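Single-structure report; data block below.
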2 protein chains.
Amino acid sequence: MAVTGPTAVPGFSAAATTAGIKPSGKPDMALVVNNGPEFAAAAVFTRNRVFAAPVAVSRTAVADGQLKAVLYNSGNANACNGVPGVEDATASVEHAARNLGMDVSDVAVCSTGLIGERLPMDKVHAGIDALSGAVSDDVDAGIAAAEAILTTDTYKKTTLVQADGFAVGGMGKGVGMMAPSLATMLVCLTTDAKATPEALHAALNAASDVTFNTLDIDGSTSTNDTVIIMANGASGVTPSQEELNAAVLQACAELADLMQADAEGVTKRVTVTVTGTSTNEQAVAAARTVARDNLFKCAMFGSDPNWGRVLAAVGMADADMDADNISVAFNGHTVCERTTGTPHAREVDLSGPDIDVTIDLGTGGEGTGFVRTTDLSHSYVEINSAYST
Amino acid sequence: MAVTGPTAVPGFSAAATTAGIKPSGKPDMALVVNNGPEFAAAAVFTRNRVFAAPVAVSRTAVADGQLKAVLYNSGNANACNGVPGVEDATASVEHAARNLGMDVSDVAVCSTGLIGERLPMDKVHAGIDALSGAVSDDVDAGIAAAEAILTTDTYKKTTLVQADGFAVGGMGKGVGMMAPSLATMLVCLTTDAKATPEALHAALNAASDVTFNTLDIDGSTSTNDTVIIMANGASGVTPSQEELNAAVLQACAELADLMQADAEGVTKRVTVTVTGTSTNEQAVAAARTVARDNLFKCAMFGSDPNWGRVLAAVGMADADMDADNISVAFNGHTVCERTTGTPHAREVDLSGPDIDVTIDLGTGGEGTGFVRTTDLSHSYVEINSAYST
């Protein structure tokens with residue numbers, strides 16, 4: 001197995017434990033600790049206006065650009081629990097900070113799981129004690145942490161990018177910034193680069209825009225999505241912004257790839273690319289409209305080169321288009337030109353697991369963008385109709 | 001069986017035939033004729049910028065506020081066929097007009113079925129000849145027409161509203177203005193009221209806004225959606241705008257109810273109502289965001305009172321809200337207050353076929369609105385992943 005994960009980077013430790021939050025008895029709490037010497041940090045959070053208590057607490061913690069540790073639990077989102085939920089998240093952070101000898105404002109917290117259930121705080125406190133006593137800089141400790149944050153994920157998601165004199169490692173779970181509420185996207189990136197919080201934030205924002213934010217599995221957006229990066233400067237290397245951006249981008253891209261492939265009920269990985277509109281923003285909006293269309297997604301599940309559904313979907317997009325001059329290609333085969341089907345369009349073979357859909361909106365404009373999604377399968381319905389009950 | 005349908009109104013005739021457009025060998029062409037003495041008409045069409053050839057042709061035909069007949073075919077949408085598609089639609093109208101002794105501009109045409117296939121014009125022309133020779137003002141002729149326009153519908157949809165001195169009848173198929181491309185919504189309303197095209201248009205627009213436009217089965221919008229009303233004045237009665245509005249509204253509401261109940265793969269009829277935001281438009285937008293959320297729809301399929309998914313979805317809506325003061329009720333049982341679950345919220349019984357979801361966004365604003373949708377079931381995936389191939 002490749003050496004990857006949050007503790008594959010020098011100067012980071014981690015731990016995982018089974019606190020009993022998940023009914024399944026699987027690992028459900030984790031801790032990632034930055035051992036310094038520097039503690040720069042940045043984060044991006046869900047844009048949902050209904051956000052969970054840990055998002056509120058972590059947003060405050062990272063506001064000063066410094067974090068020394070992030071506490072994780074799976075099996076319970078601690079969302080929509082009102083003031084008591086915020087008190088629980090705060091108590092968790094206070095307990096961890098006390099154990100680790102840190103300030104409360106140096107600890108962030110991320111939760112994922114069912115909305116609207118109070119955290120079992122006795123189990124959480126015991127879990128924090130177990131984690132605090134077990135932190136290790138061994139690579140396996142980071143891998144164990146990556147496992148403890150999973151919910152409906154079917155495998156662990158870790159990464160390690162070796163750059164020029166520094167590294168970026170990390171772990172993730174879930175499906176994307178626009179992802180199911182029970183598959184909240186949580187990501188923890190670690191780097192031994194010397195970097196300011198501002199540089200980290202710039203790198204994380206740029207990378208998220210073209211990785212996590214291009215994932216749109218089902219149009220839903222979690223209350224808990226959180227991506228955190230911590231930098232300890234242990235390498236002594238201060239990369240240029242471009243070098244930092246590139247390494248963070250690669251780490252995010254690897255985790256996003258793993259998330260797309262492990263999305264709930266996925267049988268196809270689908271990339272929708274739009275060109276020929278006025279702006280990149282319009283192109284992404286049009287790609288998103290298609291990627292979210294259930295009829296299109298069902299056709300992908302059925303390996304059906306039903307380009308008519310692509311046109312029907314994109315015609316509702318908020319993007320400049322020449323409605324009589326739209327082209328569509330599936331896996332490089334042009335199936336529609338000037339908004340009309342090509343001969344043999346329905347014979348294109350989409351039976352493989354990866355489908356590329358390219359749509360040119362025909363205005364001659366320079367706008368381009370893409371969104372990655374999945375098919376809509378029986379498994380998706382099954383997983384999501386039988387979760388909380 | 002109740003006497004309903006387009007020819008249950010005096011002065012209208014209809015016919016249906018099996019032209020062989022559908023591979024199934026079921027009836028697939030219909031004609032509805034207004035026998036006068038007046039020929040006022042109005043229509044509303046899909047807002048999709050990729051619209052089918054018959055929409056283009058019919059939009060032109062009804063522009064002068066006059067129609068004498070509407071030609072229908074099912075099994076082929078005549079969409080995305082370029083200039084040849086428009087030529088086919090025009091040829092169909094010309095053929096029907098010639099047979100019926102009408103001007104070309106007095107005949108509209110509506111198609112529904114697969115996108116991107118040329119109409120088999122030899123069969124269409126033979127079908128028009130059969131229809132022209134068979135038009136009858138018998139109630140059964142209208143019922144037969146209602147059957148011939150169906151695609152994935154499982155039953156005929158007809159209505160008759162008896163108002164003060166006049167009647168509004170009609171037929172429909174499909175699921176709603178925001179409906180699957182293979183379940184295009186087509187509606188033909190007939191009335192013996194004396195009414196101007198402007199009065200008809202006002203009544204149809206007002207009724208559509210609160211009936212067809214409140215149906216949102218899967219967020220998809222057809223290239224072919226068309227609602228037409230024809231008025232022949234045969235009753236001699238000129239209703240007030242309010243009387244006309246009320247009768248048209250009732251006819252549209254009855255057809256919309258039938259469409260919602262027959263949506264593809266439906267096991268639940270779900271109404272999402274939003275209150276407590278600034279404007280009615282914001283309320284509808286918020287209701288639509290929830291109604292389109294696949295996680296919410298899967299929970300409804302599973303009879304799961306998962307209010308957390310309602311909050312996660314509505315938090316992304318473009319509507320004013322107090323994110324800490326959102327309330328949710330399922331079938332009248334409050335399951336969430338101040339964005340927090342109530343005791344026993346998860347015990348609410350949603351096993352019946354109808355589910356009402358009411359969301360108060362907590363601003364104290366007067367805005368209110370609703371959207372009707374369905375659950376997301378295995379049948380939906382099955383029907384829509386195995387259509388064209």
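The values are calculated or read from the model by the stated rules, or taken from the named source; none is laboratory data. Computed from a predicted model, the values in this text were never measured in an experiment. Quick reminder, even Gly has a Cβ in these numbers, built from the backbone with ideal geometry, and neighbours come from all protein chains shown. Just the protein is used for accessible areas: all its heavy atoms, side chains included, with ligands, DNA and RNA removed. Shrake-Rupley method; radii C 1.70, N 1.55, O 1.52, S 1.80 Å.
Placing +1 on each Lys and Arg Cβ and -1 on each Asp and Glu Cβ, with no other charges, gives the protein assembly as shown a dipole about its Cα centre of roughly 700 debye. Bridge orientation summary for chain A: considering DSSP beta bridges with both residues in this region, about 70 percent are antiparallel.
Beta bridges assigned by DSSP with both partners in region B:269-385 are antiparallel in approximately 70 percent of cases.
Centre-to-centre separation between the Cα atoms of region B:319-389 and those of region A:203-279: 31 Å.
Stokes-Einstein, applied to the Kirkwood radius of region B:83-160 over Cα pairs at a viscosity of 1.306 mPa s and 10 °C, places its translational diffusion at 113 µm² s⁻¹. The helix-only estimate of mean residue ellipticity at 222 nm for chain A, built from DSSP H runs of length n ≥ 4 each weighted as -39500 (n - 2.57), is -9500 deg cm²/dmol after division by the residue total.
Excluding ligands, DNA and RNA and using a 1.4 Å probe, chains A and B jointly bury around 4400 Å² of accessible surface, summed across both partners. Of the residues B:360, A:324, A:356, the one with the largest accessible area comes first in the ranking A:324, A:356, B:360, computed with a 1.4 Å probe on protein heavy atoms. Each residue of region A:23-40 was assigned a 3J(HN,Hα) from its phi angle through the Karplus expression (A = 6.51, B = -1.76, C = 1.60, θ = phi - 60°), giving x, 5, x, 8, x, 9, 9, 8, 9, 10, 10, 8, 8, x, x, 10, 9, 5 Hz with x at Gly and Pro. Select from chain A the helices, each a whole stretch of DSSP H, whose alpha-carbon atoms run 27 Å or more along the helix axis and whose Kyte-Doolittle mean is at least 1.0; answer none if there are none. Correct list, ordered by number: empty. Ignoring ligands, DNA and RNA, what percent of the accessible area of region A:269-385 is carbon or sulfur (1.4 Å)? Ligands and nucleic acids excluded, carbon and sulfur give 46 percent. In the protein assembly as shown, the ratio of gyration radius to Kirkwood radius, Rg to Rh, stands at 1.04 when only Cα atoms are counted. Residues of region B:288-313 that bury at least 40 Å² of accessible area when the other protein chains are present, relative to the chain alone (probe 1.4 Å, heavy atoms, ligands and nucleic acids excluded): B:294, B:295, B:298, B:304, B:309, B:312. Note on chain A: with a GNM built from Cα contacts shorter than 10 Å, the maximum mean-square fluctuation among A:161, A:348, A:187 falls on A:348.
In a simple Cβ point-charge model (Lys, Arg +1; Asp, Glu -1; nothing else charged), region A:265-377 has a dipole of about 400 debye relative to its Cα centre.
Which residues of region A:103-118 show a drop of at least 10 Å² in accessible area when all protein chains are present, compared with their chain alone (probe radius 1.4 Å, heavy atoms only, ligands and nucleic acids excluded)? Buried-area filter returns A:114, A:115, A:116, A:117. Average accessible surface for the protein assembly as shown: 33 Å² per residue, computed with a 1.4 Å probe over protein heavy atoms with every protein chain in place. Taken over the Cα atoms of chain A, the convex hull encloses 130 Å³ per residue.
Database remark: amide H of residue B:184 closer than 5 angstrom to the amide H of B:113 (H placed geometrically; neighbours at sequence offset of 5 or more, or on other chains; Pro and chain starts carry no H). Remark on residue B:277: its backbone amide H falls under 5 Å from those of B:361, B:365, B:367, a criterion applied only to residues 5 or more positions apart or on other chains, H modelled at 1.01 Å from N. First compute the accessible area of region B:6-261 with a 1.4 Å probe, then give the percent of it belonging to carbon and sulfur atoms. That share works out to 52 percent.
The DSSP beta bridges internal to the protein assembly as shown are antiparallel in roughly 70% of cases. When the listed pairs B:26/B:173; A:68/A:157; B:157/B:194; A:22/A:173; B:68/B:194 are checked against a 19 Å cut-off, the alpha-carbon distance exceeds it for A:68/A:157; B:157/B:194. Here the 3J(HN,Hα) profile of region B:320-326, calculated from phi with Karplus coefficients 6.51, -1.76 and 1.60 at θ = phi - 60°, is 5, 8, 9, 4, 9, 9, 8 Hz, Gly and Pro shown as x. When peptides B:163-169, B:282-288, B:330-336 are ranked by their average number of other Cβ atoms within 10 Å per residue, the highest-first order is B:282-288, B:163-169, B:330-336.
For region B:78-100, accessible area lost to neighbouring protein chains reaches 50 Å² or more, against the chain alone with a 1.4 Å probe, at B:80. Farthest towards the positive end of the charge dipole of the protein assembly as shown, among the residues A:53, A:319, A:300, is the Cα of A:300, using unit charges on the Cβ of Lys, Arg, Asp and Glu. Evaluated with a Cβ-only charge set (Lys, Arg +1; Asp, Glu -1), region B:6-261 carries a dipole of roughly 500 debye about its Cα centre, given to the nearest 20. Protein-only accessible surface at a 1.4 angstrom probe places the residues B:297, B:123 in the order B:123, B:297, largest first.
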